[in-house]
Amino acid sequence: MIEKQVHSRNIVRWAADKPEVVVLSGDLTGSTEIAEFKAAYPDRFFSLGMAEQNMLSWAGGMAREGFVPYLHTFSVFLVRRPYDQLAMSVAYPALPVKLIGFLPGIMTPGGVSHQAVEDISLMRGLPNMTVLEVGDAADVESVLDVAHGVDGPVYVRMLRGALPRLFDGPMELDRVRHLADGEEVTLFSSGICTQEAIRARQVLERAGVSVTHRHVSTHKPFTDPAIEDAIHAAKSLVVTVENHSVIGGLGTEVAERMAETGAGVPLLRIGIPDTFAHGASAEYLMDKYGLSAPRIVARVAAALGREIDVPDGLAHSDVTIDIGAEQLEAL
């Protein structure tokens, strides 16, 4: 099932009985699905323009006055550009500012200046910060409740446009979603990579590889006991798949838990290597960096020392995360 403009509809409905919620835009109102919010609640909408450092300081001030600001712009402009203001005006005083970052990782053709491939690493390093990531329409519909329930700042890696619905039930803070249980390989995936990981897992299972699969929507905290259980369920290999650098993101989170709990199997981290990406479609970049279903199957098979045939048609997902003409116009 494909659904469009999920956040746009959801935030209008969700905020109706929350007068303390205000929305701040970084001059990307249409591109971050908040035009309907602006129309519905004009007195609770503020356009701060292309001045993200000022927007973070403004949000900190509003939070001190009892408001709960929800900042909307592209991930790279919420994290990399105003990092000092984010740390000093929001994270240090632990204010309830919610940062909604769109186009995380390699989801944009805008190239290095627009690709936030290190944002989880940076945000995990900030004291008091909670870090969330959505993977489908169900996550998008429930992430606002999760973020609002946190007494402090929250960063959300958000999806927009045409989204799959992969899960039943809402996202929960610091709880992984259980997608499959097996004994040989444990697979952790997050964000847009979960759909490709599901497709890859199905091929592996048909080839006789027993897989435990968990979808991660909370990067910090990362203390769900089910994470340790899944790690120790793997007899041969633990795999992480993420739309982020392999340094500091999901692969690092899992590696830390494996080291702390004494896991005795290898870890295969699939993600953006220690490099800057370049401008291209999300589909092209996902395949280039090993995040597509066929590349995941090939990497896992190689790590297991097996040959597994990739069936025809696996190279192309039925669902494309929308990054189309609107994004190109916004660049």
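Just so you know, all these numbers are worked out from the coordinates, no wet-lab data involved. Note that the structure is a prediction, hence the values are computed from the model and not measured. Ideal geometry is used to build each Cβ from the backbone, glycine not excepted, and the neighbour counts take in all protein chains shown.
Summary table below
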{"read-out": "Net +/- balance of residues flanking SER25 in space, Cβ distance below 12 Å, scoring K and R +1, D and E -1", "value": "-1"}
{"read-out": "The chain, dipole about Cα centre (Lys/Arg Cβ +1, Asp/Glu Cβ -1), debye to the nearest 20", "value": "280 debye"}
{"read-out": "Whole-Hz couplings from phi, Karplus 6.51/-1.76/1.60, listed for the stretch 105-119; x for Gly and Pro", "value": "x, 9, 7, 10, x, x, x, 4, 5, 10, 9, 8, 9, 10, 5"}
{"read-out": "For ILE272, distant residues with modelled amide H under 5 Å away", "value": "HIS244, SER245, VAL246"}
{"read-out": "Rounded to 5, the percent of DSSP beta bridges in the chain classed as antiparallel", "value": "15 percent"}
{"read-out": "Charge dipole of the stretch 2-164 about the Cα centre (unit charges at C-beta), most positive-ward option of ALA15, VAL154, VAL90", "value": "VAL90"}
{"read-out": "Stretch gain in nm, segment ASN128-LYS288, where the contour uses 0.36 nm per residue and the Cα spacing is subtracted", "value": "54.1 nm"}
{"read-out": "Set of lysines with alpha-carbon distance to LYS38 below 25 Å, sequence-local pairs under 8 removed", "value": "LYS4, LYS18, LYS98"}
{"read-out": "Cβ-Cβ FRET estimate between GLU256 and ARG306, R0 fixed at 30 Å, reported to 0.05", "value": "0.60"}
